[in-house]
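Data block below; observations after.
Since every read-out is calculated from the coordinates, none of them should be taken as a lab result. Since the structure is predicted, the reported quantities are computational estimates derived from the model, not experimental observations. For neighbour counting, all protein chains shown are included, and Cβ atoms are generated from backbone atoms with ideal geometry for every residue, glycine included.
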Amino acid sequence: MEATYHMVRFQGTVDSVAAQFFLKNMHSQMRTAALNLFGDPQVLGLRPNVFGELMRVLISPSEDVEAAVNWVIGGGENPDISLHMRMLMHRSGRAVQAVLHCLNKAMRSQHLMSSRPKVVVVSDTPAVVKSIMYMSNLSEFVEVLHFDYDKYRGSMFKGLHITDSRRRDWGTAPRWVAFVDFFLASRAKYATISGAHRRVGTTYAQLVAALSAAYNLGDMSGSRFIFLSSFQSNLLTDGLKNQRGWGHVWNRYAGPLSCRKQGNQCAFTPVLPSAWWDGLWQSPIPRDINRLASYGIKLSALGTVDKDSLKNHCKKKKNVVRTITFKL
């Protein structure tokens, strides 16, 4: 007796690449289904919050993490705005000033200027939060919330030993702080702001914004949840050339058309970002143009895809069939 099976492998289907195997599929029915799920890539503002809704249903904090989140909030209302600072242990004054400009923009757009809004600050290096507070007058016009793990006395986390290998990316903080910060920041009611020393719009901030937007869907206040990325001058002098990584929301705008010579920029950011250069005016760098070519994708100077070349590439691909004979 012989049993034959077909093996289909999709290599590299991680991050934003995986969605493109559906959005740019050679079968029209598959493309139509993908557009219904992910929305029209040409209209970023109208794309559905797919990953936020999935997280809202599939994940939730453990009892210990939720207790830590509630400890920070202190029985009051959820924060209005979350601010994520990816600083990598740097104390960049320009990054702080740029993000304060962005915070002011968020407060104006959400009509929070007349009140004293709650702003929760999280960072990849929690020690940086104190530096941010010292370098700005943030606490004078907003109520600042921050999870200080040194002061928190959760019984589960007493006596943790932090190894040197963990200090490099999280300072002296244990990694469970990232989960507390994540679920704390996702409680924001109006906006998420991503700021940084080198790179903004990271996956962490993207997921925080997506989950926050899902939690606030249908809010009766009438405000629409927004996600903002704050760029300071040294990121914009030569364009966004350092905004790299396939899962990074701004890496598709890092090429020759990238905005340059600006003092700062507070950019509205979609909670479901474009992927694989879906829209007009995106500007890929040469390295990624070459990488896309290996998938059969030819790009114009504006980042648009040559659909004919993609179709021809798909037709040339051979189905892999492996036959195994079982002797029974």
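Taking neighbour counts of Cβ atoms within 10 Å as a proxy for exposure, in what order, fewest first, do ILE73, ILE59, ILE285 appear? Present the calculation step by step, with values, prior to reporting the outcome.
Values: ILE73 15, ILE59 12, ILE285 20.
So the ranking, lowest neighbour count to highest, is ILE59, ILE73, ILE285.
Within 10 Å of each residue's Cβ, count the other Cβ atoms and sort THR304, THR203 from fewest upward. Each step should come with its number before you reach the end.
Details: THR304 15, THR203 12.
Ranking THR304, THR203 by Cβ neighbours within 10 Å, fewest first, gives THR203, THR304.
Between SER283 and residues 5 or more places away or on another chain, which pairs have amide H atoms under 5 Å apart, with H built 1.01 Å from N, and which residues are they?
Answer set, sorted by chain and number: TYR253, ALA254, GLY255.
Taking LYS298 as the anchor, which lysines have their alpha carbon closer than 19 Å to its alpha carbon, excluding any fewer than eight residues away along the same chain?
Leaving aside lysines fewer than 8 places away in the same chain, those within reach of LYS298 are LYS24, LYS307, LYS311, LYS315, LYS316, LYS317.
So which lysines can LYS261 reach, going by Cα to Cα under 17 Å and dropping same-chain residues fewer than 8 places off?
By straight Cα distance, LYS261 reaches LYS241.
Which far-off residues, 5 or more places away or on another chain, put their amide H under 5 Å from the one on GLU143, with H placed in the peptide plane?
Residues meeting the criterion, in which the H sits 1.01 Å from N, are LYS118, VAL119.
To the nearest 0.05, how large is the calculated FRET efficiency for LYS130 and LEU58 if R₀ is 30 Å and r is the Cβ-Cβ distance? Don't skip to the end; give the middle numbers.
Details: r = 34 Å, r/R0 = 1.14.
The formula returns an efficiency of 0.30 here.
Between LEU88 and LEU257, how high is the FRET efficiency from 1/(1 + (r/R0)^6) when r is the Cβ-Cβ distance and R₀ = 30 Å? Nearest 0.05. It would help to have the intermediate numbers written out before the result.
Details: r = 27 Å, r/R0 = 0.91.
The value I calculate is 0.65.
Expressed in nm to one decimal, what extension gain is obtained for the pair LYS151 and ILE324 from 0.36 nm per residue of sequence separation less their Cα-Cα distance? Spell out each step's value before the answer.
On the way: separation 173, 0.36 × 173 = 62.28 nm, distance 6.14 nm.
Gain on stretching LYS151 to ILE324: 56.1 nm.
So, in nm, how far is label ALA178 from label ILE73 when the simple model puts each one 7 Å beyond its Cα toward the Cβ?
Here the modelled spin labels are 2.4 nm apart.
Counting other beta carbons within 10 Å of each Cβ, put ARG199, ARG31, ARG252 in order, fewest first.
Values: ARG199 19, ARG31 14, ARG252 25.
The most exposed by this proxy come first: ARG31, ARG199, ARG252.
Under a crude label model (7 Å from the Cα following the beta-carbon direction), how far is ARG287 from GLN29 in nanometres?
Taking the two extended label points, one gets 4.1 nm.
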